[in-house]
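Here the structure comes first, spelled out in structure tokens, and everything after it is commentary.
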Amino acid sequence: MAKKRGSKAASTGTTFGKSGIELHRVAHYTFFVGLLIAIVAGLFRNIISPEVLVTTLVILGFVVGLFNLTAQETTPFLTAAIALMLAGIVNLGLIPGVGLYLRSILSNIVVFVVPGAIILGMKTIWKLASD
């Protein structure tokens, strides 16, 4: 069974050395941590200072963009990033009760995803230009 996994990874072009797999896993967990921080900070808007929050989310977003995405994940990630940025335009604050929280959560998620989208977009352009 281990042989099948190795051949499947080789066919998809995602073979990494031991440190590459660990780095990919760390970046994968970084995505979930960043998403969790964005949601929790959106729910408790007044507890965390905006400077610390934005800095943390941007750094985590850069880590995700640099190390987490494979070639197969490029188009879905960029499409999702565009969708989130467009959804951020909507004034969710108009929804009674939960609107301010939803707007804050979505804004935090956009701040988290945009650095990764910039890095991934630049990687994609570089790859297209070099081919």
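Annotations
- Per-region count, region 39-77, residues under 22 Å from Tyr101 (Cβ atoms) and aliphatic (A, V, I, L, M): 12
- Given (1) among the small types (Gly, Ala, Ser); (2) buried (at least 17 other Cβ atoms within 10 Å of the Cβ); (3) at pLDDT 85 or above, number of the condition Ala83 does not satisfy: (2)
- Out of Val40, Val54, one residue alone is part of a helix (DSSP H, G or I), in contact (Cβ under 8 Å) with a residue 40 or more places away in the chain and out of contact with any Phe, Trp or Tyr (no Cβ under 8 Å at 6 or more places or on another chain). It is Val54.
- Some residue of region 98-120 being out of contact with any Lys or Arg (no Cβ under 7 Å at 6 or more places or on another chain) and not in a helix (DSSP H, G or I): yes
- Within the option set Thr55, Thr70, Thr79, Thr30, being touching a Leu at 6+ places or on another chain (Cβ under 9 Å) and hydroxyl-bearing (Ser, Thr, Tyr) holds for one residue only, Thr30.
- Options Leu92, Leu69, Leu57, Leu78; residue that is surrounded by 11 or more Cβ atoms within 10 Å (Cβ to Cβ), modelled with pLDDT under 85, among the aliphatic types (A, V, I, L, M) and under 16 Å from Val110 (Cα atoms): Leu92
- Selection status of Gly97, surrounded by 13 or more Cβ atoms within 10 Å (Cβ to Cβ) and not aromatic (Phe, Trp, Tyr): no
- Within region 25-54, the residues that satisfy the criterion of being more than 13 Å from the chain's Cα centre (by Cα) and surrounded by 18 or more Cβ atoms within 10 Å (Cβ to Cβ) are Ala41, Gly42, Leu53.
- Qualifying positions in region 57-89 - within 16 Å of Gly42 (Cα to Cα) and either in contact (Cβ under 8 Å) with a residue 40 or more places away in the chain or assigned to a loop (DSSP other than H, G, I, E, B) (or both): Leu57, Val58, Gly88
The values are calculated or read from the model by the stated rules, or taken from the named source; none is laboratory data. Since we're looking at a predicted model, the values are computed, not measured. Note that we place each Cβ from the backbone using ideal geometry, even for glycine, and neighbour counts take in every protein chain shown.
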